[in-house]
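The values are calculated or read from the model by the stated rules, or taken from the named source; none is laboratory data. This one's a predicted model, so the numbers in the text were calculated from it and none came from an experiment. In this analysis, Cβ positions are derived from the backbone assuming ideal geometry, glycine residues included, and neighbour counts consider all displayed protein chains.
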Amino acid sequence: MRPILLNPGPVSLSEGVRAAVARYDFCHREPEFFDLQDAVIRGLLDVYGCDPRLWSAVLIGGSGTSALEAMLASLLPADANVLVLENGVYGERLSRIAGIHGIRHQALKAGWGDALDLQALDGLLATGDFSHVLAVHHETTTGRLNPVEAIAESCAAHEVQLLLDAVSSFGAEAIPFGHESLQAIAATANKCLHGIPGLAMVLCRRAALQQEIAPRTLSLHLPLWAEQQAKRSTPFTPPVNGLLGLDQALKELAKQGGWKSRRAHYRKLAARVADTCRQLGVREWLPASESSCVLRSYHLPAGLTYNRLHDGLKQQGFVIYAGQGKLAEQLFRISTMGEISDYDMARLEQALRQVIAGAEN
Ligand SMILES: Cc1ncc(COP(=O)(O)O)c(C=O)c1O
């Protein structure tokens, strides 16, 4: 039995994407590959209706972290002073990347899973000390959806530029691309877009790409990828099969009604899981109103270790995810991205009842 992936990416694929990935052998220096590359770039810009005269979608080979590293290394000038908003693993990762590339930064910290302090953010930006804010949209550590619209407002009020980690939100949550402060977002093919791992992307304003910034890396330097892609070329070997999969996945997303329909669908699935957990006495880590549509966290029930829960569900064909770091002993996470049928959901509800209620007996 093929497992249903309820971890936050990679996701269970549709049959269409699975077939597309292996449909052709492509040389990445032939015109048919560049047709595919052009289609994927157009498709990515279309997800949120980004105007291609203002926005560029730059494809790179790598994971979500590669996209983040490319975004920071390529778009932050040498004199940038960056405020990083941290309330989980991925906010902390942004600080780590900034540190590695010698980018001056300071963190505004909240506890893992806690809400960011927007008043403190506004106060810090009002000092005039910061040129950029780095934020995580959906903090996958706990499922918290950070208020990106309010963050963008605060940045705009103080003429600060915003770079966003949208790795686990692009394709299913609202992203304020029309907001002047938002300069770039980093994303990946294998989460809400339902493609395969290995292909990542940065959507950025063309103006941000045109800054004169000395390359901090070669293989993650976005202006190099963007310039070559605009010329129907590529600087290095791209993840060809990743593009084949994403092209199909983007067509399926559009056919299914786009990101808003995907959000509504994910919300429905997440609510079904939450209802079952509630009936079993399992408490949610965060209220639904503060969680993303993508993933919810739950307190581990007393008397049930994560390993027992994981292994019991895996035996029935479902892969869930542990809490990270210090949360490993306290919570478990269930993501409902990817190709999950009604039948899978019914089986999942049954499996949760069996493993959680069974542990009490
Ligand atoms: C919000 C967020 N940022 C960054 C990443 C890192 O992505 P990757 O593991 O593909 O490098 C993840 C992965 O789950 C994520 O959820």
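Data for the structure
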quantity: Test result for residue 36, of a type in the set (A, V, I, L, M, F, W, C) and in a helix (DSSP H, G or I); calculated: yes
quantity: Restricting segment 125-142 to residues that are of a type in the set (A, V, I, L, M) and not in a helix (DSSP H, G or I), the residue that is farthest from residue 104 (Cα to Cα); calculated: 136
quantity: Qualifying positions in segment 312-328 - surrounded by 22 or more Cβ atoms within 10 Å (Cβ to Cβ) and over 18 Å from the mean Cα position of the chain (by Cα); calculated: 313, 318
quantity: Set 221, 194: member being touching a residue at least 40 places away in the same chain (Cβ under 8 Å), more than 20 Å from residue 11 (Cα to Cα) and out of contact with any Phe, Trp or Tyr (no Cβ under 9 Å at 6 or more places or on another chain); calculated: 221
quantity: Residue that is nearest to residue 140 (Cα to Cα), among those in segment 172-204 that are more than 13 Å from the ligand (Cβ to nearest atom) and small (Gly, Ala, Ser); calculated: 174
quantity: Test: residue 329 is outside any helix (DSSP H, G or I), acidic (Asp, Glu), free of Cβ contacts under 8 Å to residues at least 40 places away in the same chain and out of contact with any strand residue (DSSP E or B) (no Cβ under 6 Å at 6 or more places or on another chain); calculated: yes
quantity: Any hit, segment 155-162, residues being among the hydrophobic types (A, V, I, L, M, F, W, C), more than 11 Å from the ligand (Cβ to nearest atom) and under 18 Å from the mean Cα position of the chain (by Cα); calculated: yes
quantity: Criterion (surrounded by fewer than 19 Cβ atoms within 10 Å (Cβ to Cβ), within 16 Å of the ligand (Cβ to nearest atom) and either of a type in the set (Lys, Arg) or modelled with pLDDT under 95 (or both)) met by exactly one of 29, 23, 96; calculated: 96
quantity: Residues located in segment 212-239, provided they are surrounded by 21 or more Cβ atoms within 10 Å (Cβ to Cβ), outside any loop (DSSP other than H, G, I, E, B) and either of a type outside the set (Phe, Trp, Tyr) or at pLDDT below 95 (or both); calculated: 222, 226, 229
quantity: From the options 273, 282, residue that is over 17 Å from residue 7 (Cα atoms) and in contact with a Ser or Thr (Cβ under 9 Å, 6 or more places away or on another chain); calculated: 282
quantity: Qualifying residue in segment 291-305 (condition: of a type in the set (Lys, Arg) and without any contact (Cβ under 8 Å) to a residue 12 or more places away in the chain); calculated: no
quantity: Search result, residues across segment 94-124 that are part of a helix (DSSP H, G or I) and of a type in the set (A, V, I, L, M, F, W, C); calculated: 94, 97, 98, 100, 118, 120, 121, 124
quantity: Members of segment 47-93 that are in a loop (DSSP other than H, G, I, E, B), under 30 Å from residue 251 (Cβ atoms) and away from the ligand (no atom under 16 Å from the Cβ); calculated: 48, 49, 50, 51, 52, 53, 54
quantity: Residue list for segment 1-17, restricted to those being part of a helix (DSSP H, G or I) and surrounded by 15 or more Cβ atoms within 10 Å (Cβ to Cβ); calculated: 16, 17
quantity: When residues of segment 329-349 are limited to those that are within 16 Å of residue 297 (Cβ to Cβ) and of a type in the set (S, T, N, Q), the one surrounded by the most Cβ atoms within 10 Å (Cβ to Cβ); calculated: 335
quantity: Residue check, residue 151 outside any loop (DSSP other than H, G, I, E, B) and either surrounded by 22 or more Cβ atoms within 10 Å (Cβ to Cβ) or within 16 Å of the ligand (Cβ to nearest atom) (or both); calculated: yes
